[in-house]
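The values are calculated or read from the model by the stated rules, or taken from the named source; none is laboratory data. What you are looking at is a predicted structure, and each value in this text was computed from that prediction instead of being measured. Methodologically, a virtual Cβ is constructed for each residue, glycine included, from the backbone with ideal geometry; neighbour enumeration extends over all protein chains shown. Heavy atoms of the whole protein, side chains included, go into the accessibility calculation; ligands, DNA and RNA do not. Shrake-Rupley method; radii C 1.70, N 1.55, O 1.52, S 1.80 Å.
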Amino acid sequence: MKLIPNFAELLHEVKLPSPEKCFLIEIGDEKYISEFIDKGELSCTLEELFVWLNKKYKLKKNNLSSEETKIAEEIKKRFPLEKWRVIKIFSDQQKKYRYYKKAVEDVKSRTTPRMNEQTIMTIFSPGWGINT
């Protein structure tokens with residue numbers, strides 16, 4: 001798996017996709033994670049995938065056979081085992097930021113600085129809901 005090529009650009013523009021879509025599946029990855037791939041994309045969360053990889057291939061164990069050690073090394077080369085959490089945090093935080101920014105902009109568009117408390121509370125009544 002590798003990071004999408006325009007990650008830095010999307011990060012800068014606050015337009016990151018979901019964490020799962022921040023990574024591209026490379027040729028050969030399906031040998032290790034085929035049950036998590038559907039139509040060329042991950043069919044699970046990033047966290048589920050990496051927890052499973054660690055358990056399945058015993059990546060945290062020290063006493064592996066030579067065959068298990070070779071497979072573990074290949075997994076460590078192919079998958080960003082140490083970096084995925086940072087990508088997930090960036091993506092999740094941007095998603096929250098975009099949602100809250102839309103909510104704040106929507107409230108701003110429905111109010112004026114001179115509105116009284118009673119009028120302000122009506123924007124939260126049924127039928128006015130915040131657009132997402």
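For Lys70, which lysines qualify as cross-link partners when the Cα separation must be under 29 Å and same-chain residues fewer than eight apart are set aside?
Lys70 reaches Lys2, Lys21, Lys31, Lys39, Lys55, Lys56, Lys58, Lys60, Lys61, Lys83, Lys88.
Return the calculated 222 nm mean residue ellipticity for the chain, to the nearest 500 deg cm²/dmol, obtained by summing -39500 (n - 2.57) across DSSP H runs with n ≥ 4 and dividing by the residue count.
Values: 6 runs with 67 residues, N = 132.
My calculation for the chain gives -15500 deg cm²/dmol from helical runs alone.
Could you point to the residue in His12, Tyr57, Ser43 farthest towards the positive end of segment 1-73's charge dipole, with +1 and -1 charges on the Cβ of Lys/Arg and Asp/Glu respectively?
Tyr57
In whole Å, what are the extents of segment 58-107 along the principal axes defined by its C-alpha atoms, from largest to smallest?
Extents along the principal axes: 61, 17, 9 Å.
Tell me which label goes with the value of mean projected area of the Cα convex hull in nm² computed from the coordinates here: (1) 8.8; (2) 11.8; (3) 13.2.
So the calculated entry is the one marked (2).
Describe numerically, in nm with one decimal, the distance between label points set 7 Å from Cα along Cα→Cβ at Tyr100 and at Ile37.
Label at Tyr100, label at Ile37, 3.7 nm between them.
Only Cα pairs within less than 10 Å get springs; with that Gaussian network setup on the chain, which residue of Pro113, Pro19, Pro80 has the largest fluctuation?
With Cα springs under 10 Å in the chain, the top fluctuation among Pro113, Pro19, Pro80 is at Pro113.
Which one of Arg114, Arg98, Arg78 has the biggest mean-square fluctuation once the chain is modelled by GNM with Cα springs under 10 Å?
Top of the fluctuation ranking is Arg114.
What range in the chain is the longest one free of GluC sites (Glu not before Pro) that are in a loop by DSSP and have at most 12 other Cβ atoms within 10 angstrom?
Here the longest segment lacking exposed loop sites spans 27-81.
What's the magnitude of the charge dipole for the chain around its Cα centre, counting Lys and Arg as +1 and Asp and Glu as -1 at the beta-carbon? Answer in Debye, nearest 20.
380
When all alpha-carbon pairs of segment 84-126 are counted, what percent fall beyond 12 Å?
Above the 12 Å cut-off, segment 84-126 has 68 percent of its Cα pairs.
On the protein heavy atoms, probe 1.4 angstrom, tell me the percent of accessible surface of the chain carried by carbon and sulfur.
Ligands and nucleic acids excluded, carbon and sulfur reach 54 percent.
Averaged per residue, what accessible area in Å² does segment 39-132 show with a 1.4 Å probe, protein chains only?
Numbers: 7300 Å² over 94 residues.
Per-residue accessible area for segment 39-132 comes out at 78 Å².
How high is the FRET efficiency from Thr119 to Val14, r the C-beta distance, R0 30 Å, rounded to 0.05?
Approximately 0.40, to the nearest 0.05.
Using a Gaussian network model of the chain with C-alpha springs under 10 Å, which one of Lys88, Lys102, Lys15 is most mobile by mean-square fluctuation?
Comparing Lys88, Lys102, Lys15 in the GNM, the peak value goes to Lys102.
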